[in-house]
């Protein structure tokens, strides 16, 4: 079984690429969905997040208002660093444990499988060594803003600001590319991206077969 980490900056298109891999037979899990599950009421991570960031991050029903939490975590205060590191120290260890458990489950079911984890912060969470191969999705900077504006239905300038804010809290793109085993350039057409995915899938499956 081959363990693959799929990552990239905000609005790079890693979710689209992940879906393409899944369509070819790759087993895929999303770190964001794991985090969402762990931040449900009754979970230990939920309790810790509320304790650190206060009940102001909650909806009326007690669930976490994720946009509000992100705003607090990523916004630079008048003095000192942002609180994204504080949030990550609470959430990342639990997410990584669940990822490891899931990959082990996949390997037991199918020793020839490709188990892929889509996660925005693989490098930042010091989780890179948990994978056999790392795939980084890239695109042009302006494309990130355009895609985010469309996704969130916000003005382009607001999207540019949000991209800058999020990227400032992550590894520089060039460093991720250097650390990657493979890079998917998602700045062109979907067909071009799909062809890159198909070619890479063949390589990854060969590697998975050799490991089984």
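The values are calculated or read from the model by the stated rules, or taken from the named source; none is laboratory data. On a predicted model such as this, the values are computed, not experimentally measured, just so you know. For neighbour counting, all protein chains shown are included, and Cβ atoms are generated from backbone atoms with ideal geometry for every residue, glycine included.
The sole residue among 181, 110, 185, 104 that is in contact with a helix residue (DSSP H, G or I) (Cβ under 8 Å, 6 or more places away or on another chain) and either surrounded by fewer than 17 Cβ atoms within 10 Å (Cβ to Cβ) or closer than 16 Å to residue 22 by Cα (or both) is 185.
Taken as a whole, region 122-129 holds at least one residue that is modelled with pLDDT under 95, surrounded by 13 or more Cβ atoms within 10 Å (Cβ to Cβ), more than 24 Å from residue 208 (Cα to Cα) and in contact with a helix residue (DSSP H, G or I) (Cβ under 8 Å, 6 or more places away or on another chain).
Reported count of residues in region 46-76, each being surrounded by fewer than 17 Cβ atoms within 10 Å (Cβ to Cβ) and in contact with a strand residue (DSSP E or B) (Cβ under 7 Å, 6 or more places away or on another chain), is 1. The set of residues from region 182-208 being touching a residue at least 40 places away in the same chain (Cβ under 8 Å) and closer than 16 Å to residue 132 by Cβ comprises 182, 200, 201, 204, 205, 207, 208. Would you call residue 196 within 13 Å of residue 13 (Cβ to Cβ), assigned to a helix (DSSP H, G or I) and modelled with pLDDT of 95 or more? So residue 196 fits the description; yes. Within region 5-61, work out how many residues are in contact (Cβ under 8 Å) with a residue 40 or more places away in the chain and not in a helix (DSSP H, G or I). The qualifying residues number 17.
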